[in-house]
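Everything on this sheet refers to the single structure shown next.
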Amino acid sequence: MTQTDVAKPSVSTPPQRSRSWISAVVWIVIAALVGGVIYLSLSPGGSPLLYNSSGSHSWFVDMIFQPATVAQKLVVMVLAIAAFLAVMAFILWVVDRTSVPKGVLIAGFIGPVVLALASGLLWSAIKTIIQSFQKFDQFGTEIGWAGWANYGHVFTSANTHMLINTVVWIFVVPIFATTFGLVYAVLVDRTRFEAAAKALIFLPMAISMVAASVIWKYVYFQPAPEGQPEIGLLNAIVRAIGITPVNWTAEYPIGTFALIVVMIWIQTGLAMTLLSASIKAIPDEIIEAARIDGASGWRLFRSITVPSIRPTIVVVITTIAIASLKTFDIVNVMGNNLTDNNILANAFYNWMSVQQPGWAGAAAVLIFVVVIPVIVFNVRQMRKSEAVR
């Protein structure tokens, strides 16, 4: 008997578990949610989930776009989750079918994203541009075309300080935040307490800009009762050395730079984190070779560190510049509603608050126009860096 005559032992494969019940459960849950909403909407007298206390809230469209109660917001959230599950279940079901053409699969994955961008970003941008050329009354009702009048309003003499402040914010905040972050990253790199030192600098990034503004508002100025110690930290120091306390955020241009300091304080942590990671990625062989050649200290920093992390520096500067351009939280909370402290992003918010979408639309378009050269600069610098590599 040869070896081939020996029967090979059969290997039994475990039976594959059917997962069709998952799809069934998902569709049952979705059907139950949809049925529950329909039932509540058709109940006599109107369900409190879909109507407010006065009973004047329409049942579906207004609830989706203008929920008035916590319960209505919960319903909108459940509907959004159910819609997401339904779309994903359909996409996964289509992907699992072998007979579906590849183009249909691509459309299934990319289609929802394109639709969301078109409806939430592209249409909003087009609508904003159209509004920037329209005229509105004091109630925010469109009454005709204004041409370039809305843009002319932005560049009137009353908004001179706003335009100057916007330019100052774009240049001063990125330069100082990046410089401080870079110096700090180099100083604490590979030190004994590196993690704790970096955590302290990054901490402002963990709080909101509104909270940071409230903190610094107490630092700059907080009126104290007559005969009581000064509450504001800076004014307490000023009074201690014999100088009369002032409201630092109400004096131009001191107020603008006082607000800029807050933004630098927040963004330095971001710059430090990104630049520190880039510094650690520099190969040790390059640093050791430079030291053998006699480079140390400032020369090592200028000739090795900065050129090696140039792409990261460009990204940090442009990112902080864009963040500074669209920042209104600090100005809105600390600016005392003074035009001397205003910037373009805060003006957009204020004009929307007073029912002037035309002026606000012009401000939004100008913000977009200013962002374009920043992005172009970023892309060009990145291409130069790739070409050098």
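The values are calculated or read from the model by the stated rules, or taken from the named source; none is laboratory data. If you're wondering where the values come from, they're calculated on a predicted model, not measured in any experiment. Quick reminder, even Gly has a Cβ in these numbers, built from the backbone with ideal geometry, and neighbours come from all protein chains shown.
Things to note:
- Residue within the stretch 164-177 that is of a type in the set (S, T, N, Q) and in a helix (DSSP H, G or I) present: yes
For (1) surrounded by fewer than 18 Cβ atoms within 10 Å (Cβ to Cβ); (2) farther than 30 Å from residue 279 by Cβ; (3) not acidic (Asp, Glu), each residue gets a yes or a no:
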site	(1), (2), (3)
317	no, no, yes
343	no, yes, yes
353	yes, yes, yes
363	no, yes, yes
368	yes, yes, yes
377	yes, no, yes
384	yes, no, yes
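- For the stretch 272-327, a residue qualifies if it is hydroxyl-bearing (Ser, Thr, Tyr), assigned to a loop (DSSP other than H, G, I, E, B) and under 30 Å from residue 206 (Cα atoms), and exactly one does: 327.
- Residue in the stretch 285-296 that is in the same structural domain as residue 381 (by TED's automatic domain parsing), touching a residue at least 40 places away in the same chain (Cβ under 8 Å) and not β-branched (Val, Ile, Thr) present: no
- Residue among 73, 135 that alone is modelled with pLDDT of 70 or more, among the basic types (Lys, Arg), not in a helix (DSSP H, G or I) and not assigned by TED's automatic domain parsing to the domain that holds residue 328: 135
- Residue in the stretch 46-56 that is over 30 Å from residue 363 (Cα atoms), out of contact with any Gly (no Cβ under 9 Å at 6 or more places or on another chain), at pLDDT 65 or above and not in a helix (DSSP H, G or I) present: no
- Whichever residue in the stretch 239-258 is in a helix (DSSP H, G or I) and among the hydrophobic types (A, V, I, L, M, F, W, C) and, among such residues, is surrounded by the fewest Cβ atoms within 10 Å (Cβ to Cβ): 240
- The numbered conditions (1) out of contact with any helix residue (DSSP H, G or I) (no Cβ under 9 Å at 6 or more places or on another chain); (2) surrounded by 20 or more Cβ atoms within 10 Å (Cβ to Cβ) are all true for residue 297 except (2).
- Take the conditions (1) out of contact with any strand residue (DSSP E or B) (no Cβ under 9 Å at 6 or more places or on another chain); (2) modelled with pLDDT of 90 or more; residue 361 misses just one of them, which is (1).
- When residues in the stretch 228-287 are screened for being closer than 30 Å to residue 159 by Cα and among the hydrophobic types (A, V, I, L, M, F, W, C), 15 of them pass.
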